[in-house]
Structures are given as C-alpha cells and as structure tokens.
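A short write-up of the structure that comes next.
None of the figures in this text is laboratory data; all of them are computed from the coordinates on show. The structure displayed is predicted, hence computed values, not measured ones. With ideal geometry, Cβ positions are generated from the backbone for all residues, glycine too; neighbour counts draw on all protein chains shown.
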Amino acid sequence: MSSSEDDVPLVRANGRANPTPPSAKSNGQSSTNGELDPGVSVRFGAVQNEDVKMEDADEDAHGVSKRKSRASIDQKKSYAEPDSSDEDDQPLSKRRRTSVKHEDPETDDDVPLALNGRKLPKASETAIGESSDSDMPIERKLSAQKKKIEAKAKAEAPAARKAAAAKKDTKPAAAKKQANGVKKEQADDKSSVKKMKADTGALKKGRGKVKAESAEAEDEEDEYRWWDDPAKGDGTKKWTTLEHNGVVFPPPYEPLPKNVKLKYDGVPVTLHPDAEEVAGFFGSMLNSTHNVENPVFQKNFFRDFKDIIKKTGGAKDSQGNKVEIKEFTKCDFKTIFEFYDAQREEKRNLPAAEKKALKAKRDEDEAIYQYCMWDGRKQKVGNFRVEPPSLFRGRGEHPKTGHVKTRVQPEQITINVGKEATVPPPPPGHNWKEVKHDQEGTWLAMWQENINGNYKYVMLAANSDVKGQSDFKKFEKARELKEYIDKIRKDYQKNLKNDLMVERQKATAVYLIDQFALRAGNEKGEDEAETVGCCSLKYENISLKPPCTVVFDFLGKDSIRFYDEVQVDPQVFKNLKIFKKAPKKNGDEVFDRLTTSALNKHLQNYMPGLTAKVFRTYNASFTMSNLLQGMKATGTIIEKVKAYNDANRKVAILCNHKRTVTAGHANAMEKMSERIKGLRYQKWRLKMQMLNLEPNLKKKKGAAFFERDEDLDKEWIKEHQAFLVEEQTQKIKKKFEKDNEKRVADGEKEMKVSELNERLEVVGEMKKKFEKENKSGKVEAEGRGPTVEKLEAQITKLDQRVDTMSVQAQDKEDNKEVALGTSKINYIDPRLTVVFSKKFNVPIERFFSKALREKFEWAIKSVDEDWEF
DNA sequence: CGACTATACTCAGTCTGGAGGTC
DNA sequence: CGACCTCCAGACTGAGTATAGTC
C-alpha cells in the first residue's frame, strides 16, 4: 500500500476554501436532504464511474449502516479486506487526480469523498493516514507553511459567537436605589463573615469528635498542601495505605401493614414481601406521572413484577386462593400510594426538633463511614451508601426504564483497602465478594448494577486530596492545550480538504468539537437511549442551509436537546454535505469512518493526554477567562456578582447545560408581567390625578404624557380593577379571620360578620371609584394633601419599580433553562474565579458555596491575582 | 472491561421580598 | 407619612443521588 502514498495529490496552495459555496444556495431544500445542487453534481459527473457504483450500492438492501458496521470490524481487524481492490476503494485522491485534475481550482474541493457511502479500505487509509504526518510530501509542507499565516483567524471564537447569539444580557440591575443596594451589601457581608465563623466553629467541634486530628484543619501548621508538592499527582499508584469502614446498606424492606394491599381486578391480594416491595416501588411513585404513565416503564416494571411474583409463590386473595396477576391495567396501586404518601407527609410535618434529632442519630450511625484514612490523612468519602433498590428511571426514551433495580447484597461487593488495614466487616452472616488491595484505584468499594451491568464505585468526596489533584490535573491539561491549539486549528483547517475520507472526517469532527463544544460521542448500545455526540451524529441531526448555516438538532447526554443554528467554515459546510451524501439516509452516521477512539488517538499526536473532552474544558475556561478579563472593576458587589454570573451563563450556554423549566415558570412570568402592567396602570392613574389637580398641565407637558400605554386597554383595565378589588377583599377577609383567631386565643369573643361587612365597605368604595373613573375618564387625586410634586415623586418611584421588575423578569426568562452549576463545578477553572474575587474584591463566598470552597481549596489557596488561565 | 468524570433531578432547608404592623 | 420590624409564602440553593457520559 505504501505505493499509494505517492499517489496522494498535492494539496494546492490555492486550496483555500471557496468563500462562495456551491450554487446550492439556490436549492436549500435539497441540500438539507444531503443532495447536491446541480452545479456540484456536474462536477461530480467527472467521477462518473463512482456515481454508477453508488447506484449499485443503493440497491444493496443492506445499505450504509451495514457496510458501516462491517467497517468498524475491519478497522480493528485487518488489511486483507477483499473489497480493497475495488476501484472506488482507492484513495480518493487517485481518482480525483485522473478525473478532476484540470478543473477550476476553486471547485476541486467539491469532489466528493463520501463516494457512494462506501468506506475506503482500511488498509489504504491506515497506511496513508499514518505516514502523512512524518512523510508529508514537500509540497504539502510548503503549502502548510503558507497557510500558517491565515490560520490565526478563527482562534478565539467559539463562545464569543454563542455569547453574541445568546440574548443580549439585560442591563445590570443597577437602577436599584443605590442606598438600598449598599445597605444590603453590608448586611450580606456581615452575614457571610458570621457564617464563616460558624463554619470554623463547627469544624473545631467536629474535630474533637473524630480520632484523626490532623486531617482537615484550615489553620493548622502541619496542613498538607498537595498542590505545592511537586511529587504529587503523577504516576499510577494512588495510595500506600488505605483504611476505611466499607459501605452502608439501605434498611431492609418493611412490609406494608395488613390493610394496605395491591388490588387486582378490585380484589386485594397478598404478596410475598419481596414482591410486595416491588409493588411498593411502583405504588409509591404514582405521583410521578412522567414515569408511571410511560408505556415502556409500565411494560418493564410489569414484566419484572410478574417475575418476582412467580418466584415468590404467587399472589393470594384474602381466602388464600391464588390470584394470577396477568394484566397491568387491572393492578390498582392506589392504596399503596396513599400509604407511602401519608408516610412522606408525616415525615415532612415532623417538628423541626425531631427532624434534627433524627438527622443527628443518622449522622452518628454513619459517622465511621464518612471518612477514611488515605496515606494516613483523613479524607471524606463520597457516596458510601449502597444504592437502594428501586425502579430504574432511565432518562429520555430509555428502553430499560421501569426495570427493577435489585437490592445489592454484600456478596456482590468488592472492597478495596490497604493490605495492612483491617478489612471492613461485612454485615453479620454475609461475606464480601472479594477484597482487593489495588493501589492504582481510587475506589473503596465497587459492585455491578443489574440493569445495564454498569460498575458502581464508592470513591472519595469532591473535597478530598485525590479528587482535588485530578481536578487540578484536568485544568492543567486544558491550559496545556493553549500551547497546541493554534497548530491543531491550523491542521484541521487544512485537513478539512484532505483527500482521505477519514482524515476529512477527523478534521471536521475536531472542528465541531472545538467550535461548538460537542462531546466526543461514543457508540451506544441497542438497549440505551438514543443519544449522540459528535462522532455518533446521525444524518437527521444535521441540516444544511446554504450558504454556510448548519442546524444541529439532536439529543445529547441525558437526552438533553442540543439545538443550534450556526455559521460554519464553508469547507465544513461542504464536508458535511459530502458526509451526508446519498445513499446515506436517516439513521446513518454522518461520521461513518470515525470512532471516538480513533479521534482521540489522533489528538494524542498533538499533545499527550489530549482527548475530545479537554476541548470542552479548555473552551469553557478560556471563554470565562476572556469574559472576566474584559470586565471593569466598578460597581457594587451585587453588580460584580451579576457580571460574573452573566459570564458564567455564557459558558453554560456554550456547554449546553440545561435544566428543565420549573413547573410554575410560565405562570410566574405571567404574574410578573401582570404586576408590571399593574404598576404602569398605577402610574397612569397618578398622572391623571396630576391633571385633576392642575388641568393646564396637559399643555405644559404635552398630551402624550397623559396617554395610557397602548396595552392598557379598557378591557384590561376593567379586568385589572376587578382583580384589585378581589385582592383587597381577600386581604380584608383574611385579616378578619386572623384577628378573630387571635381574639379566641386571648379569650375574647369573636367579632360579628357585621364587622367584616363594615370593613369591606372600603372595597365597595373602591369599586365605585373605579366605575366613576371609567365613566368620566378622570381620576380624582388621592391621599392627604396631594400635590403635583408628591405625585411626581410617586411616579418616579413607580418607574424604578417597573425597571427593576422588568430586569428581574428578563433575567428569569433568560435563565429558565440554563443551569449555571455544572459549568462552575466542572468546567470553569476555579482559579479564574479566585482571581476575579481577589481583583474585584468580592468575597469568594459569593461565588463558591461551602462545598465548592472545599472542593476548590487548592485553587483558593494557591493563586494570586496575577494568575492567568 | 473498568474506572473515572459529568450531568440533571429531587427534596429539604434557607433565604427573601413584600405585606402588614408599629412607632 | 415614613423608617423600621416581623412574619410568611414562595423562590432559590445546595447537598445528595443516580444516571449517563468519556476514555
């Protein structure tokens, strides 16, 4: 195969992407279907024989995906692919050279690589691909050099673009009365100081309780600062000594009271506790309609439910006769639900003191599991509780949702612990599956879950040294990428036009990952939700709108929708079009020759340890860094915090971190805008009152000043007035009742209804007043000694309220489906926040909760204000 | 295959803004 | 009237959890 290398055509120095994409513009629809516009196909005519073949392929009943799966096998296996002699399996370049050589250089990029959707033989690809780096033909190198200059261009971009796209952030809430703001700030600061004191107090107290004194200690001299220890964090051995107490099992199942039973076809039935427990899983979540009404959930649950019933001797009615549970629809879990719901309610209504006591008890019982000794240092353990049995709630359309997640037995659990340490005792009468002393692992215990066969690990908490170290390493890795990013971008820019399909796909994928923060996109199994990332993007996930717009629409991790309409490099646009070329169709992968491991392997060539996910970290932190650097250190603390959060939000949008819109959101928004409208109505009334006092104001101020806002039409006003009347009525009634309650409590007798009616007279007057206003179109001045000046002052106040409320509303709307936390916890280098905090003199508590301060201790303590990402 | 990070959701607890009361 | 205090529903936060990714 090495001979084919010579056949690689030269990358032309003029091979710049055609700034004017193919005439496909004229034909947006067809391009979305991955078809090529006439102009392009004419050029394709040059490679006619392939087109013919493509039609053959089309008739091949197995289609692309089959070939594809074969491809992935080939990839690993061999170079002896029988197909490899096919003409179209030759490196594209070869054909291209014969057929397209003399074409207008501007267009030769349009030559399809995707040729009839058939993969190139692994052999040729590999051979050429591998050699291309070291054995790059001279000409290539030259052209590469030329292009060095033009490379820089895109360098910054990703978030800037997104940020711009993200709705312009509302102006700072600065409008708020300054005085108030300042006061509040001070109060806040005080409280945070207080809080800190309380924290250290608790810490000290806590320390007295546990045996290892030296461990956490913020102010102790022997405090260990691993981030100052150069020897830390490299190598694979994670610990030398390790002691811990194992895991906490969930409480055993408590059978339901005798009167609480599943009803089948109206008949209460008795089940073995093991089956009853499963019925309880379902019954207790009846309020989660989202799950319970999902047919897949029902089906999976019911299958498992029937199984366990069968295994445990069946269901019986009150006479002991066997009842066969056959149909899900005949099962009535309501009684069970009511029982559990009442239990929850009871728990919720427990007096605070009892709740506290309960928690204290639990903490005490679990205290020994909370910490471990890791190389002699006390470290917090993360999830030491074994996951309780339940119904599996897969996200999105997960085929396994509803299956019973079974109780984990000690016999399934592997313990990892130091050789010298005492092995944590399994529950009486039980054994561990295995006891290991794996010093290369950071886990303390591990088991396999029955739904997907996934491994579950007990590891240390986020604030532990190991986790801190790997977090640190993650961000250092991302920073390291800074040194390579230019080269990488330059390379993919160039390889967008590579003649080899794989290479072109690789370059395009890296482009997408870099520019749009996509995830790698591993292959997924049949029995998982159908979600995708970059490498697994499907035909239907990408639509192309000429000239250079790409619309992504797919379900990503956690089945969260990724929808974005973006401008891409013209060459990327062309490539995607090629990758989507027929016979590819819905369901087929866009990057059919790419796997995440191949992609990552490619990235490793640039930088050790570089993988797709590093780009996310890098771009998130880099974006944050830029945004923070661009800020001015002015304004109140509140304003600075808001500015920080706005930057944070942009990063979150970049990473597509979403949250579900809260149930009451639309309602809350509606309420807010009604209130704003109400304020404007009030404003108008005040103006009319001014007019009432001084009719000639209309001339002075101009008639426009006294106009009602357009949306305050008569109908709305009537409704609003009714609302105000009703509101007032309710208030008075409530007050009346409350007063009466008080009287009863004080031993006095209740007021009569007549008193209430008397009080309600105000409302009647209000109503009359409104009616009068509506008729006359005038508003009588209210209040004691009203003056125009006083009214003016009131209007100004209303204006401010309207402003602040509008800002709040806008904020709320903008934030409704953006989750800031995830990027703060995982993507934004905490040192950036620390620098910001120091430079702008905002207490770190404003940005990091206690948990985050502990997690990011290494950042808080190691960085001064000159640090840069 | 195994181990690790990343993610959204849940629920309980905390905070807050505004109404009403008091001075 | 207005500054301040209290109370409480509802909003928001954070810890914890379990699921879903990556490599």
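For the Cα trace of segment A:665-814, dividing Rg by the Kirkwood Rh returns an Rg/Rh value of 1.06. The calculated P(r) of segment A:225-305, using every Cα pair and 5 Å bins from 0, goes 3, 10, 14, 15, 12, 7, 4, 4, 7, 10, 8, 4, 3, 1, 0 in percent.
Residue order for A:767, A:640, fewest other beta carbons within 10 angstrom first, comes to A:767, A:640. Using a cut-off of 29 Å between Cα atoms, the listed pairs A:601/A:839; A:640/A:812; A:474/A:850; A:467/A:658 include A:601/A:839 as exceeding that distance. Sorted fewest first by neighbouring Cβ atoms within 10 angstrom, A:236, A:531 come out as A:236, A:531. Once backbone amide H atoms are built at 1.01 Å from N, residue A:385 has A:248 as its partners under 5 Å, excluding neighbours fewer than 5 places away on the same chain. Remark: spin-label model distance residue A:778-residue A:631 equals 5.5 nm, labels positioned 7 Å along the Cα→Cβ axis.
Which order do the peptides A:532-540, A:340-348 come out in when sorted by mean C-beta neighbours inside 10 angstrom, highest first? Walk me through the numbers before you get to the answer.
Numbers: A:532-540: 21.7, A:340-348: 11.7.
My ranking of the peptides, most packed first, is A:532-540, A:340-348.
For a label point 7 Å from the Cα of residue A:769 along Cα→C-beta, name the residues of segment A:656-688 whose backbone N is under 13 Å from it. A:682, A:685-686, by backbone N distance to the label point.
In sequence order, segment A:652-657 has phi-based couplings of 4, 5, 3, 8, 6, 8 Hz under the Karplus curve 6.51 cos²θ - 1.76 cosθ + 1.60, θ = phi - 60°, and Gly or Pro positions carry x.
Taking the Cα centre of segment A:650-717 as the origin, how large is its charge dipole in debye, to the nearest 20, when only Lys and Arg (+1) and Asp and Glu (-1) carry charge on their Cβ atoms? Intermediate results must be reported in sequence, preceding the final value.
Details: 16 positive and 9 negative charges, 68 e Å.
Result for segment A:650-717 is approximately 320 debye, rounded to the nearest 20.
For segment A:810-869, a crude dipole built from +1 on the beta carbon of Lys and Arg and -1 on the beta carbon of Asp and Glu, taken about the Cα centre, is about 240 debye to the nearest 20.
Ranked by Cβ crowding within 10 angstrom, fewest neighbours first, how are A:665, A:398 ordered? All intermediate terms of the calculation are to be shown ahead of the outcome.
Details: A:665 14, A:398 23.
Ascending Cβ contact count within 10 Å gives the list A:665, A:398.
Take the Cα radius of gyration of segment A:239-439 and divide it by 2.2 N^0.38 Å, N being the number of residues; the result is 1.25.
Mind grabbing the base-10 log of I(q)/I(0) for segment A:633-752 at q = 0.10 Å⁻¹? Debye formula, identical points on the C-alpha positions, no solvent, two decimal places. Debye output, listed in q order: -0.71.
Calculate, in nm to one decimal, what residue A:604 and residue A:663 gain on full extension: separation in residues at 0.36 nm each, minus their alpha carbon distance.
On the way: separation 59, 0.36 × 59 = 21.24 nm, distance 4.48 nm.
Working it through step by step, the gained length comes to 16.8 nm.
State log₁₀ I(q)/I(0) for segment A:752-869 at q = 0.15, 0.20 Å⁻¹ as given by the Debye formula over alpha-carbon point scatterers of equal weight, solvent excluded. Log10 I(q)/I(0), no solvent term: -0.87, -1.16.
Working note: Cα atoms of segment A:486-569, range along each principal axis, descending, whole Å: 38, 26, 22. May I ask for log10 I(q)/I(0) of segment A:542-600 at q = 0.14, 0.18, 0.25 Å⁻¹, from a Debye sum over the Cα atoms as equal point scatterers with solvent left out? After summing over all Cα pairs, the log10 values are -0.45, -0.75, -1.19.
For segment A:685-742, the pair-distance distribution built from all alpha carbon pairs, in bins 10 Å wide starting at 0, is 20, 28, 25, 17, 9, 1 percent. Rounded to whole Å, the principal axis extents of the Cα atoms in segment A:292-354 read 46, 33, 19, largest first. Other residues whose C-beta falls under 13 angstrom from the C-beta of residue A:273 contribute a net charge of 0, scoring Lys and Arg +1 and Asp and Glu -1.
Subtracting the Cα-Cα distance of residue A:759 and residue A:732 from 0.36 nm times their residue separation leaves 9.0 nm of extension gain.
Each other residue within a Cβ distance under 10 Å of residue A:448 adds +1 if Lys or Arg and -1 if Asp or Glu, for a net charge of +1.
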